[in-house]
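Computed from the coordinates by the stated procedures, all read-outs in this text should not be read as laboratory data. Bear in mind that the values here come from a model prediction, so they are computed numbers and not experimental data. Glycine gets a Cβ as well: all are built from the backbone with ideal geometry, and neighbour counts include every protein chain shown.
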Amino acid sequence: MNIKLKSITRQNWEDAIALQVEKGQQGFVPSVAVSLAKTYVKPDGDHITYVPFAIYNKEKMVGFVMHAYEPGSTNMYWINGFLIDSAYQGKGYGKVAILALIKWIRTSFPLCEEIRLTVYDDNQKATRLYKSIGFQETEHYYDDERVWFYRVT
């Protein structure tokens, strides 16, 4: 396995928006098109920066993830819109991709002390994945999703 995070570009955006999760997961994660629209619309405010990535195994796109952050903060570093295409689920790509993103965030943002994400309580696959990486759930919700955090040390 050779997972790399690559920017979404004019050359790969169509492959990215074609990524699909399993039918039972569609309510848990926004489509890639919606995530990409957020980079332009900025629904969380002009102070938030969005960085979308395609997830590749070697030269094959297997998923998508977006990082959203508030510059200069210590705990406003978010993982958004994460998905592995249904054809590639269950092969370990998700865990390696999240670990790669955590490493990228730590390297890119030395002020970062905490990375956050949200998960629907009934999304058991995601819950197991994030727990295995070291994310911890909180009692806080953002809309209908529970906020989880990962302490960067």
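For the chain, DSSP calls about 90 percent of its internal beta bridges antiparallel.
Taking the inverse of the mean reciprocal distance over all distinct Cα pairs, the Kirkwood hydrodynamic radius of the stretch 1-79 comes to 13.5 Å. Ranked by the mean number of other Cβ atoms within 10 Å per residue, highest first, peptides 40-50, 95-105 order as 95-105, 40-50. Counting alpha carbon pairs within less than 8 Å and at least 6 residues apart, what relative contact order, in whole percent, applies to the stretch 54-153? 23 percent. In summary, the aspartates and glutamates within cross-link reach of residue 38, defined as a Cα separation below 14 angstrom excluding same-chain residues under 8 places away, comprise 46. The radius of gyration of the Cα set in the chain, together with its Dmax, comes out at 14.5, 41 angstrom. Taking 15 Å as the cut-off, the amide N atoms of the stretch 107-130 that come nearer than this to a point 7 Å along the Cα-to-beta-carbon line of residue 153 belong to 113-115.
Which entries of 6/58; 42/125; 60/91; 60/131; 58/95 show an alpha-carbon separation above 18 angstrom in the structure shown? Spell out each step's value before the answer.
On the way: 6/58 11 Å; 42/125 28 Å; 60/91 14 Å; 60/131 27 Å; 58/95 16 Å.
Exceeds cut-off: 42/125; 60/131.
Considering only beta bridges that DSSP places wholly inside the stretch 76-153, some 75 percent are antiparallel.
Got the relative contact order for the stretch 1-80 handy, in percent, Cα pairs under 8 Å and 6 or more residues apart?
Relative contact order here is 32 percent.
When Rg and the Kirkwood Rh are both derived from Cα coordinates, the Rg/Rh ratio for the stretch 76-131 amounts to 0.98.
Each of the peptides 59-68, 6-15 was scored by the mean count of other Cβ atoms within 10 Å over its residues; in descending order, highest first, they stand as 59-68, 6-15.
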